[in-house]
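Working notes, structure below.
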Amino acid sequence: MGPGEHRSVAFSDEAELEPVLAPFISDGLAGRDKVLYVTDVTHPAVAVGLLRGWGIDPDGHGGRLEVRELGTPDPDVMVAELTEAAHRARAEGYRALRFTGEMSWAVREGTDSLTAFETKVQAVFDSGLAMGICQYDRRVFPPVTLSELQRLHSGADVDLEFDGALLRIRRSARPPGLELDGEIDANGVDELARALSAAVLRESGDVHVDMGRISFIDLSGLRVLVDTATALTGGRSLVLNHVPEHVVQLIGLIGWDRAPGLRVRGGDA
């Protein structure tokens, strides 16, 4: 990430935050940025402990890393405070401010306040003074809310259906359907089901799923694919493209390769 970028991470536990936040914070501290970590439901001392567990020394960077608790959930106040922190970082000689914050306050305040914050804070990132990652806990946010908020991040990436710590789902136009990237287990299976349901409604013919970048999928993920395929009507199929060979073998071993409406194409297809 560089100055101006505004992204989000959806997570189900702290272990899913590490591969996103640890390099984001470490790169800033190793480079020319200042880092601000704002907590909400997590006590700052607990967040500091997480950072230490990720190999980051919160006390060893001469004040370049600040971990503090959210003061007020008012969108205007939060944006003003972040703007001030970004300008202060630049005045102190840093390239930019790296911001990450827990967004769970929106569960108490409502999605209107959250949307207002995400919309207004974009101006801070557009100025080039800051970059940020907003943290969304799947355990407290409804999936439909997370889906809509994804579209407020990463600018023009309108094809992005879901962007989590371990799984990314994008819409594809040719062939029409979805592209999957990462790992699918119990933590990502609900998002996969939601994206598949939307693709089935969106497309009039076969729905294609590109699995060429899937490094792992468990039985719960495969079952969602099979259930989606068997529910299709009108001669439509769910076409799995570029399926890793070990996944092809697993589908065949279970007998799901004979499921109605499912077509499986290996990595060379």
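Search region 84-134 for residues being farther than 17 Å from Tyr37 by Cα, among the hydroxyl-bearing types (Ser, Thr, Tyr) and within 21 Å of the chain's Cα centre (by Cα), and hand back the single one that is least open to solvent (accessible area, probe 1.4 Å).
The qualifying residue least open to solvent (accessible area, probe 1.4 Å) is Ser113.
Please work out which one of (1) open to solvent by 40 Å² or more (accessible area, probe 1.4 Å); (2) in a helix (DSSP H, G or I) is the condition Val41 fails and give its number.
(2)
So for region 200-212 (the condition being within 28 Å of Ala15 (Cβ to Cβ), open to solvent by 30 Å² or more (accessible area, probe 1.4 Å) and free of Cβ contacts under 8 Å to residues at least 60 places away in the same chain), does at least one residue qualify?
Yes, region 200-212 contains a residue that is within 28 Å of Ala15 (Cβ to Cβ), open to solvent by 30 Å² or more (accessible area, probe 1.4 Å) and free of Cβ contacts under 8 Å to residues at least 60 places away in the same chain.
Only one of these is hydroxyl-bearing (Ser, Thr, Tyr) and part of a helix (DSSP H, G or I): Thr72, Thr83. Name it.
Step by step, each of Thr72, Thr83 is checked, and only Thr83 is hydroxyl-bearing (Ser, Thr, Tyr) and part of a helix (DSSP H, G or I).
Given the criteria of a type in the set (A, V, I, L, M, F, W, C), under 25 Å from Val107 (Cα atoms) and out of contact with any strand residue (DSSP E or B) (no Cβ under 7 Å at 6 or more places or on another chain), does Leu82 qualify?
For Leu82, the condition - of a type in the set (A, V, I, L, M, F, W, C), under 25 Å from Val107 (Cα atoms) and out of contact with any strand residue (DSSP E or B) (no Cβ under 7 Å at 6 or more places or on another chain) - is not met.
If Thr233 satisfies all but one of (1) closer than 21 Å to Glu16 by Cβ; (2) without any contact (Cβ under 8 Å) to a residue 60 or more places away in the chain, what's the number of the condition it fails?
Unmet condition: (1).
Which of the residues belonging to region 233-259 are of a type in the set (Ser, Thr, Tyr) and open to solvent by less than 30 Å² (accessible area, probe 1.4 Å)?
Scanning region 233-259 gives a single hit, Ser237.
Which of the residues belonging to region 27-38 are open to solvent by less than 10 Å² (accessible area, probe 1.4 Å) and of a type outside the set (A, V, I, L, M, F, W, C)?
Matches in region 27-38: Gly28, Asp33, Tyr37.
Assess whether Arg98 counts as being among the charged types (D, E, K, R), part of a helix (DSSP H, G or I), in contact (Cβ under 8 Å) with a residue 24 or more places away in the chain and under 23 Å from Pro3 (Cβ atoms).
Judged against the criteria, Arg98 is not a match.
With in contact with an Asp or Glu (Cβ under 8 Å, 6 or more places away or on another chain) and open to solvent by 20 Å² or more (accessible area, probe 1.4 Å) as the only criterion, which of Ser197, Ser220 stands out?
Step by step, each of Ser197, Ser220 is checked, and only Ser220 is in contact with an Asp or Glu (Cβ under 8 Å, 6 or more places away or on another chain) and open to solvent by 20 Å² or more (accessible area, probe 1.4 Å).
I'd like the full set of residues that are open to solvent by 50 Å² or more (accessible area, probe 1.4 Å) and in contact with a strand residue (DSSP E or B) (Cβ under 8 Å, 6 or more places away or on another chain), limited to region 1-26.
Listed by number, the residues that qualify are Met1, Pro3, Glu5, Arg7.
Restricting to region 227-268, name every residue that is β-branched (Val, Ile, Thr) and over 17 Å from Gly205 (Cα atoms).
Within region 227-268, Val243, Val247, Val248, Ile251, Ile254 qualify.
So that you can scan it fast, the table gives a plain yes or no per residue for (1) farther than 22 Å from Gln122 by Cα; (2) in contact with a helix residue (DSSP H, G or I) (Cβ under 6 Å, 6 or more places away or on another chain):
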| site | (1), (2) |
| --- | --- |
| Leu51 | yes, no |
| Asp59 | yes, no |
| Gly63 | yes, no |
| Pro73 | no, yes |
| Leu82 | no, yes |
| Ala85 | no, no |
| Arg88 | no, no |
| Tyr94 | no, no |
| Trp105 | no, no |
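Check Glu81 against each of (1) in contact (Cβ under 8 Å) with a residue 12 or more places away in the chain; (2) charged (D, E, K, R); (3) touching a Gly at 6+ places or on another chain (Cβ under 9 Å); (4) surrounded by 13 or more Cβ atoms within 10 Å (Cβ to Cβ) and name the one condition it does not meet.
Only one criterion in (1) in contact (Cβ under 8 Å) with a residue 12 or more places away in the chain; (2) charged (D, E, K, R); (3) touching a Gly at 6+ places or on another chain (Cβ under 9 Å); (4) surrounded by 13 or more Cβ atoms within 10 Å (Cβ to Cβ) is unmet by Glu81, namely (1).
The values are calculated or read from the model by the stated rules, or taken from the named source; none is laboratory data. Computed from a prediction, not measured in an experiment: that's the story for all the values here. Positions of Cβ are generated from backbone atoms using ideal geometry, with glycine treated the same way; all protein chains shown enter the neighbour counts. Just so you know, the surface numbers come from the protein's heavy atoms only, side chains and all, with ligands and any DNA or RNA stripped out. Shrake-Rupley method; radii C 1.70, N 1.55, O 1.52, S 1.80 Å.
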